[in-house]
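Structure record follows, encoded as structure tokens.
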Amino acid sequence: MLEINLPLIVFAIFAVLAIGGALGVVGSRNLIHGALYLIVSLFGGAGLFVMLSAPFLAAVQVLVYIGAIAILIIFAVMLTRGMAQTKEVVNRQWWLSAILALVLLAVIGIAVVMPVWGPNGSNVVNLQVAETTAGVAELGIALVDGNQYVLPFEIASLLLTAAMIGAIVVARDD
Amino acid sequence: MATLNQWAFIGMFIAVAWLLPVAPLVISWIFRPRRANAIKLQTYECGVETVGDTWVQFKVQYYIYGLIFLVFDIEVVFLFPWALAFNQLSLFGLAAGLLFVFFLSDALLYAWRKNALEWA
Amino acid sequence: METCINIISTFASCMVQSGTQPGLALFLQFLVGVILVASFPLVLVIILIWGERKIAARVQDRLGPNRVGPWGLFQNIADALKLITKEDITPAGADRVIFNAAPIIAMLAVILMWAVIPFSPVNVGVDLDLGVLYIIAVGSVGTLAIMMAGWASNNKYALLGAFRVTAQLVSYEVPMVMALLVPVLLASSMSLQQISYAQLGMWFIVVAPVAAFIFYVANLAETGRAPFDLIEAESELVAGYNIEYSGMKFGLFMATEFLHAFTANLLFTVLFLGSWSGPWATEVPFLGFVWLMLKTFVVYIPSLVLRATVPRVRIDQMMAFNWKFLVPLSILNLVVMATLVKVCQVAGIAPDAASASDFAANLPQAIILLLGNVAMVLVTLQVLRNAGRRERLKMEALMADTDRDALPAPAAHS
């Protein structure tokens, strides 16, 4: 039985924000509206991260996705001539993406419901609630530890560099 | 539990704080006059009539700035845990962090040499 | 055990002692804290605007507000009343929902920053572990509000202004955040209260003056103050992103701007000027609040004088200043500071956790870091001098080659 308590209500608010925002993104014809709905959806996701005791991820979500990527998306929309407020459907393949989205939903649903997570194939996971600051500091240590994630850490840097170079090459004429 | 309490405070803060800017708007909505007409509602361009659409194509430089910003933003997200754990890091950890910064300075240098940082 | 000394921070324990349910007591403590912390900036902004107008007036040899109340103190209350009774026009082509939401979000973003600011050793809205990251994240929402305002107005000037401002804000966020890494690195914490405590022995402006300089300048740009006030470039963009706003909505944007400027200086004080630390601050918490406000005004008032005296820079100059000077300097600063701090730690002269609030224990590391900063400044000045000379020679060669009228026009605005 579900007990109605405060965390559940807060979860419901964030879940509605996340899903409602996502529906707004696919439903709105105006691209800027779509971008703003995306921000609502991402904000809901950030709230869910906080509830999962991962506030660092929540802050990163707001910082990177809402603060940077959303603005980049709006810039990108304004690069496209007249696309910001087109009234007719440009793409006729919406049914294809609908099928794909449903298949993806089914896969995720099966993964959540089926007993594949916990030890011995049970569905029960013992979650440890970690103290957060310790978590972030440990993340910092693990990122530059030679036995742990130092290689992915440096590759991330190279990847960002490559992304920037690629974008400049594509965006500029010379 | 302590951290969740912290965020409960932030949640309450958001729930209360938005009332502060809304309150003067509501008071103003009660008292202000409403005598709009078509001329008043026109787009303001110093008296000249608006020509064409507002939402036109913008130049690519805005996007490039946004993109360089994004790259540095993500870099900083990686560097904050590193700075937080700095006292506990070995010399190897320091070197790894500096190498990370070095790769990104490369990217900035590339953008500079390609004149991607120019406004015009 | 907590006792009933400080009424705000120990509100809950006092209530529990008198028999209230703990959950309810905590809730009430939060509620009181939220209302106190959130409404303080709104009261403050009225005084701030008055002070700014007075100072700007004195710089320009005027009197400033002097009719309503003593020294014109109630001028802003009169202005607020006027704004409330003004007609509010939403232009016909505007996107109504976004248009109305933008000023609310802009103000909310600034007020939210106050939630984590430590006012004294014991009074802080919430001592968030991720304080610094929270401040940056909330600040970036303000950028979004400006974008929403400019786009929803359906006005070419507003949209152009919003795009320029957004480009400016995101650009200057890079050096600001890079400079913010230095206090985090020195204090080994992202909580603003922990950073305050870490400065009991030595203020961070002494050990990291370059980071402080970058943060201060980037903050001037982030809050749209002169010489970076392209946000309200009335000569070229009429008024910028808020051109179509009238009545109280416009008032909210103005109040947000003043409040943001003060908040930025408050953050500067917390991060670099020792926060609430001062004589007897740890014994009498209220004194900490007084010190904090005093220090903030010490850095805030020069920014007002700066605003009243310097001209506005051109947007291409402003972008070049950021990307070709501040960002490289902030990267260099981070590398030098990280290396020197590690050297101090390896050499064993860094203060340990027990002696962090002792001035003498901090001294050796502070001297090394300060010397590193001075060296950095000297190198930077030399590089700038060389670059300036190259630029001047190039211009002179160009002048010799061509007729004066045929010089390339300054970078076109678009």
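The values are calculated or read from the model by the stated rules, or taken from the named source; none is laboratory data. Computed from a prediction, not measured in an experiment: that's the story for all the values here. Note that each Cβ is placed from the backbone with ideal geometry, even for glycine, and that neighbours are counted across all protein chains shown. Heavy atoms of the whole protein, side chains included, go into the accessibility calculation; ligands, DNA and RNA do not. Shrake-Rupley method; radii C 1.70, N 1.55, O 1.52, S 1.80 Å.
Here, chain C has an Rg and a Dmax of 23.8, 88 Å when only alpha carbons are counted. By the helix-only formula, in which each DSSP H run with n ≥ 4 contributes -39500 (n - 2.57) and the sum is divided by residues, chain C has a 222 nm mean residue ellipticity of -23000 deg cm²/dmol. If you take the square roots of the eigenvalues of the alpha-carbon gyration tensor of the protein assembly as shown and sort them as a ≥ b ≥ c, do you get rounded (a/c under 1.5), prolate (a/b over b/c) or oblate? Rounded, because the longest to shortest axis ratio a/c is under 1.5. With R₀ set to 45 Å, the beta-carbon distance separating C:V68 from A:L151 gives a calculated FRET efficiency near 0.10.
For C:V124, the amide hydrogen comes within under 5 Å of the amide hydrogens of C:F119, counting only partners 5 or more places away or on other chains and with H modelled in the peptide plane.
Taking chymotrypsin sites (Phe, Trp or Tyr not before Pro) across region C:249-356, the ones in a DSSP loop with at most 16 further Cβ atoms lying within 10 angstrom of their Cβ are C:W280.
Using a probe of 1.4 Å on the protein chains alone, the accessible area found for C:S188 is around 40 Å².
Can you grab the distance from the C-alpha centre of region C:280-351 to the C-alpha centre of region C:90-145, Å, no decimals? Cα centres, region C:280-351 to region C:90-145: 22 Å.
Take the Cα of B:D106, step 7 Å along the line toward its Cβ, and report every residue of region A:146-174 whose backbone nitrogen sits under 13 Å from that point. Counting backbone N atoms under 13 Å from the label point, the list is A:154-166.
The residues neighbouring B:R34, those whose beta-carbon lies less than 10 Å from its own, together hold a net charge of 0 under the Lys/Arg +1, Asp/Glu -1 convention. Relative to the longest principal axis of the Cα atoms of chain B, helix B:2-17 runs at roughly 20 degrees.
With both labels modelled 7 Å from their Cα along Cα-to-Cβ, the B:K114 to A:L79 distance reads 1.2 nm.
Considering the zone a paramagnetic label at A:I108 would reach in this model (a point 7 Å from Cα along the Cα-to-Cβ line), which residues of region A:43-57 have amide N under 19 Å from it? Residues A:43-54, A:57 fall inside that zone. Other residues within the sphere of radius under 13 Å centred on the Cβ of C:V270, judged by their own Cβ, net out at 0 (K and R +1, D and E -1). Simple spin-label estimate for C:W280 and C:A400 gives 7.0 nm between the two label positions (7 Å along the Cα-to-Cβ direction from each Cα).
The chymotrypsin sites (Phe, Trp or Tyr not before Pro) of region C:161-216 include none that meets both conditions, a loop assignment by DSSP and at most 14 other Cβ atoms within 10 Å of the site Cβ.
Within chain B, which is the longest segment containing none of the trypsin sites (Lys or Arg not before Pro) that sit in a DSSP loop and have at most 12 other Cβ atoms within 10 Å? Mind showing how you got there, number by number?
On the way: sites that count: B:R34, B:R35.
It works out to B:36-120.
Overall, the anisotropy analysis places region B:2-113 in the oblate class: the square-rooted eigenvalues a ≥ b ≥ c of its C-alpha gyration tensor yield a/c not less than 1.5, with a/b not exceeding b/c.
With the charge dipole of chain C set up from +1 on Lys and Arg Cβ and -1 on Asp and Glu Cβ about the Cα centre, the Cα lying farthest toward the positive end among the listed residues C:N333, C:M319, C:V284 is that of C:M319. Within the listed set C:A366, C:A179, C:A94, the Gaussian network model of chain C (springs between alpha-carbon atoms below 10 Å) gives the highest mean-square fluctuation for C:A94. The residues packed around C:Y300, meaning those with a beta-carbon under 15 Å from its beta-carbon, carry a net charge of +2 if Lys and Arg are +1 and Asp and Glu are -1.
Can you give the FRET efficiency to the nearest 0.05 for B:Q42 and C:L371, using r as the Cβ-Cβ distance and R₀ = 45 Å? FRET efficiency, B:Q42 to C:L371: 0.10.
Under a 5 Å amide H cut-off, with hydrogens placed 1.01 Å from N, A:D145 pairs with A:V150 among residues at least 5 apart or on other chains. Placing pseudo-labels 7 Å out from each Cα toward the beta carbon at B:V60 and A:V16 gives an inter-label distance of 4.5 nm.
Which GluC sites (Glu not before Pro) in region C:232-336 sit in a loop by DSSP (not H, G, I, E or B) and have at most 16 other Cβ atoms within 10 Å of their own Cβ? Don't skip to the answer; put the middle values down first.
Values: sites: C:E232, C:E234, C:E236, C:E244, C:E257, C:E283; in loops: C:E244, C:E283.
Taking region C:232-336 and a limit of 16 other Cβ atoms within 10 Å, the loop GluC sites (Glu not before Pro) found are C:E283.
Among the complete DSSP H segments of chain C, which ones combine at least 15 Å of alpha-carbon extent along their axis with a mean Kyte-Doolittle hydropathy of 0.5 or more? Passing helices, by number: C:22-59, C:96-113, C:131-152, C:156-187, C:209-222, C:247-272, C:285-309, C:327-347, C:359-401.
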